[in-house]
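Comments concern the structure below.
Only the coordinates and a few stated rules stand behind these numbers; no lab work does. A quick note: this is a predicted structure, and the numbers were derived from the prediction, not measured. All Cβ positions, glycine included, derive from the backbone under ideal geometry; neighbour counts span all protein chains shown.
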Amino acid sequence: MLHCFLNFIYPPRCGGCNARLSIDTDARLCGACLKLIERVPEPICELCGTPLQVPSSIAATITPGVPRESARCPACTDSPPYFSRARALTVYRRDLGEDNQVVPSILRRHKYGRNLSLSRALVECLGSMLPINGVDYDLVIPVPLHRRRLRWRGFNQAALLALAIARKIGCKIDVTALKRVRDTPPQTSQNRHERRQNVRGAFIVTRPDRIAHRRLLLVDDVMTTGATLDECARALLAAGARRVEVLTLARAI
């Protein structure tokens, strides 16, 4: 009943559209916003998880959740990533603008507006079914922020998501084994090659003993080209990790 009392004093609002929510709810997203969240459409690249452009005649024969043999995007065909597999839970359409989409809008206000209260809404965006199995991993690791950016923001949104995911799959989490040692400039206007160069050497493993011979799930909020996640995976594998897979809340397309 405590949450009802707190909701009465501080009426809850939807993290997506700011609509008033019922005082007896634990939710932080309204039903309308939940329905607007776009999940990643099949078919996807078997490595990086980006939706594939295939003829409609072929797409009609694809069973959702069943990977096609050698289904790889051009980028992964030309240069396979260090991580074994990447999956995302929602779509972030860059051509639509952040404020026209539920998840990107919440992410922008959460990260750059430094609104920690939106973390519960982001966790709800994960959904109830994750495309992963907890028994496949020994450790969940969030993509770290540089200490300068962490001081400014006050929290690491990737770590908050990683904690929620670790709880969902019953896996341990480590937020200190991987460290960002270089505060790289924003990558918004950079192409794939420039992004790779931008993050090269930006991450180190501080405690190799914690990740040696372990199967790791690397977590971040958004995957665009995958350059940051791939550089993290490279550092983790070089330090002795057995395998690195990636899970993000959103996939920019």
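Counting only residues at least eight positions apart within a chain, or on another chain, the aspartates and glutamates with an alpha carbon under 13 Å from that of Lys172 are Asp136, Asp138. Dividing the summed -39500 (n - 2.57) terms of all DSSP H runs of n ≥ 4 by the residue count of the chain sets its mean residue ellipticity at 222 nm at -8500 deg cm²/dmol.
Contact order for region 73-197, expressed relative to its length and based on alpha carbon pairs under 8 Å spaced 6+ residues apart, stands at 21 percent.
Size of region 71-222: Rg and Dmax of its alpha carbons, in Å, are 16.0, 44.
Approximating the spin labels as points 7 Å out from Cα along Cα→Cβ, the Arg153-to-Ser79 distance works out to 2.4 nm.
One decimal place: the segment Ala252-Arg167 gains 28.1 nm when fully extended, by the rule 0.36 nm per residue minus the C-alpha distance. 3J(HN,Hα) couplings calculated from phi for region 15-22 with the Karplus curve 6.51 cos²θ - 1.76 cosθ + 1.60 (θ = phi - 60°) are, in sequence order, x, x, 10, 6, 5, 5, 10, 5 Hz; Gly and Pro show x. For Ala19 and Arg93, the difference between the fully extended length at 0.36 nm per residue and the C-alpha to C-alpha distance is 24.3 nm.
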